[in-house]
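Asks: Input: one structure, supplied below.
Computed from the coordinates by the stated procedures, all read-outs in this text should not be read as laboratory data. What you are looking at is a predicted structure, and each value in this text was computed from that prediction instead of being measured. Cβ placement follows ideal geometry from the backbone for every residue including glycine, while neighbour counts extend to all protein chains displayed.
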Amino acid sequence: MTTPETKRVEPEDPSIIETTGAELKPLYRQMLAIRRMEEAAAKAYSQGKIGGFLHLIIGQEAVCVGAIADLNKDDYVVATYREHGHAYAKGCSARAIMAELYGKKTGLVKGLGGSMHLFDKKTNFLGGYGIVGGHVPIAAGAAFASKYRGDGRVTLCFFGEGASTIGGFAEGLALAGLWKLPVVLICENNQYSMGTPVYRSLAVEDVSLRALAHGMARDRFDGDDVVKVKRRIAEAVERARTTGEPTLVEVVTYRFRGHSMSDPGLYRTKDEVEEWKRRDPLNRSRARLLELGVSEQEISELEADVKAEIEDAVKFAEESPPADEYKQYVTKES
């Protein structure tokens, strides 16, 4: 049942976020590539080509793409187990991500991590973590290292609203506030902790209010406009970079599929899902590009390019050799 907690946190259209085709076009391309990659992963999973767990980000693409858009290459990103899109937005290739999902040697972590444990040192994507909330102190640690070294780097940490009830989240938040760490803590509130709606899991729906107890800045807004996400997170990133202070941001979003591939999402009504699909960030961005004067032909060419990229990634994953046994990576000294 649609509850008050699933309504927008802001008016339907408070103002049009000013942008240009040059700014929005690459953001749309990234979101579309993530959507197509996730759809390809879902298909491969249903065919038995991907094993283990698979958590898709379909519907939430604007959050990771917009948030990571203004980061420097040497900034850090720490994410949850629903992290394929975050890895892609941080610069990991579709080939390496898809190969990892397939458990192949050419994957990000040589096929040994799978869907929930992507990691890439080269792009400073510090991993997806399967322990809910347990990665927030890790992000605080990365930010502490940056402050200690004085390297000017910022850490983004993504987590779901369910993680805000976990002890690890409270610990990471407390450390970030106490030590004034250059970290932006981003709650991707997709309305459901697995199958539990927010009104049954949070006494106070507004997760960003937790910032007040730790003397840090906070923000809360809808996440269906990628440019809005980019602008608002950029403010928090700039604060962290220039003052070294943290921010807790809650971005209200929605996943169109169940918690994982094994979850049919029957606890939601079709009307609720359709209501959120009308705000699909991809459709909004495509329509906005047309309004900004980008031609249909140019958009179609971009979409064809994305299609080719993901088809190539799937082909690469399917043709790559399987992962070696873990023991081959363990030295005698270990």
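Asks: Need one number: nm distance between label points at E301 and N283, each 7 Å from Cα along Cα→Cβ, rounded to one decimal.
Replies: 2.7
Asks: Along the Cα→Cβ direction, 7 angstrom out, place labels at T20 and I166. What is the inter-label distance in nm?
Replies: 4.1
Asks: I'd like to compare 285-291, 251-257, 78-84: which one has the highest average count of other Cβ atoms within 10 Å, and what's the full order after that?
Replies: 78-84, 251-257, 285-291
Asks: Rounded to two decimals, what is the ratio between the C-alpha radius of gyration of the chain and 2.2 N^0.38 Å?
Replies: Taking the Cα Rg and dividing by 2.2 N^0.38 Å, one obtains 0.96.
Asks: Under 17 Å from the Cα of K230, which lysines turn up, not counting those fewer than eight places away in the same chain?
Replies: K25, K73, K90
Asks: Taking H placed 1.01 Å from N in the peptide plane, check which residues at least 5 places from L108 or on another chain put their amide H under 5 Å from its amide H.
Replies: Placed amide hydrogens put E100 under 5 Å from L108.
Asks: Determine the gain in length on full extension of the stretch K122-E275; use 0.36 nm per residue of separation and subtract their C-alpha separation, reporting nm with one decimal.
Replies: Gain on stretching K122 to E275: 51.1 nm.
Asks: Filter the DSSP H helices in the chain by two things, a Kyte-Doolittle mean of at least -1.0 and an axial alpha-carbon span of 18 angstrom or more, and list the hits by number.
Replies: Counting only whole DSSP H runs, the qualifying helices are 21-46, 136-149, 226-243, 296-319.
Asks: Would you please give the residues with an amide H less than 5 Å from that of D222, counting only those at least 5 places away or on a separate chain, with H modeled from the backbone geometry?
Replies: Placed amide hydrogens put V9, E10, V252 under 5 Å from D222.
Asks: Run the dipole for the stretch 23-322 about the Cα centre, Lys and Arg Cβ at +1, Asp and Glu Cβ at -1, nothing else charged, and hand back the magnitude in debye, nearest 20.
Replies: For this selection, approximately 620 debye.
Asks: On to the next question. Which length gain, in nm to one decimal place, applies between W179 and K49 when the Cα-Cα distance is subtracted from 0.36 nm times their residue separation? Provide the component values of the computation, followed by the final result.
Replies: Values: separation 130, 0.36 × 130 = 46.80 nm, distance 4.54 nm.
Extra length available between W179 and K49 comes to 42.3 nm.
Asks: While we're looking at this one, here's another question. With springs only between Cα atoms under 10 Å, which of G130, G162, G177 fluctuates most in a Gaussian network model of the chain?
Replies: The residue with the greatest mean-square fluctuation here is G130.
Asks: Right, next: Residue separation times 0.36 nm, minus the C-alpha to C-alpha distance between E238 and Y199: what's the value? Please report the intermediate quantities before stating the final value.
Replies: Working: separation 39, 0.36 × 39 = 14.04 nm, distance 3.29 nm.
Going from the current span to full extension adds 10.8 nm.
Asks: Please give, to one decimal in nm, the separation of the simple spin-label points placed at D74 and Y148, each 7 Å out from Cα toward the Cβ.
Replies: Each label point is offset 7 Å from its Cα along the Cβ direction, giving 1.8 nm.
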